[in-house]
Amino acid sequence: QVQLVESGGGTVQAGGSLRLSCTASGSGIFSVNNMGWYRQAPGKQRELVATMGSGGTRTYADAVKGRFTISRDNAKNTVYLQMNSLTPDDTGVYYCNAGGIWTTTMFYRQDYWGEGTLVTVSS
């Protein structure tokens, strides 16, 4: 079984920074193909924020380019999201996503989601 454990959310003033972390845990995990972050603002649909492949390819939503940076520690099966110059529009629940998980006994093709961590940016 695979679990994604997120941390790092909180409340910050506009212009501030936060760093989110997410670790994929489970028996025998040794590689995760894709990890990333999505967010859902109140009353809106969940949207992509940033993703990163195990080889280093990154994708960002236009709204966060130049302000957010996604990175990974493949040895720890952990993905980070450094968020700078935050605005109230960045407020929402941020969800970690992982897909294509290799363990010593199985390959999990499906996507997994964390429970979400709340980010609130005050004006």
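Can you run down the residue pairs with Cβ atoms below 8 Å, 6 or more apart or on separate chains, where the first is in the stretch 9-34 and on the phi > 0 side of the Ramachandran plot and at pLDDT 95 or above and the partner is of a type outside the set (Val, Ile, Thr) and buried (at least 17 other Cβ atoms within 10 Å of the Cβ)?
Going by the 8 Å Cβ cut-off, the qualifying pairs are Gly10/Leu18; Gly15/Leu86.
Would you confirm whether any residue within the stretch 53-74 is within 12 Å of Tyr38 (Cβ to Cβ) and not in a strand (DSSP E or B)?
Scanning the stretch 53-74, I find at least one residue that is within 12 Å of Tyr38 (Cβ to Cβ) and not in a strand (DSSP E or B), so the answer is yes.
Return yes when Leu86 is touching a residue at least 40 places away in the same chain (Cβ under 8 Å) and either of a type in the set (Lys, Arg) or not in a strand (DSSP E or B) (or both) and no when it is not.
Yes: the conditions hold for Leu86.
The values are calculated or read from the model by the stated rules, or taken from the named source; none is laboratory data. Just so you know, these numbers come straight off a predicted model, no measurement behind them. Glycine also receives a Cβ, built like all others from the backbone with ideal geometry; neighbour counts cover every protein chain displayed.
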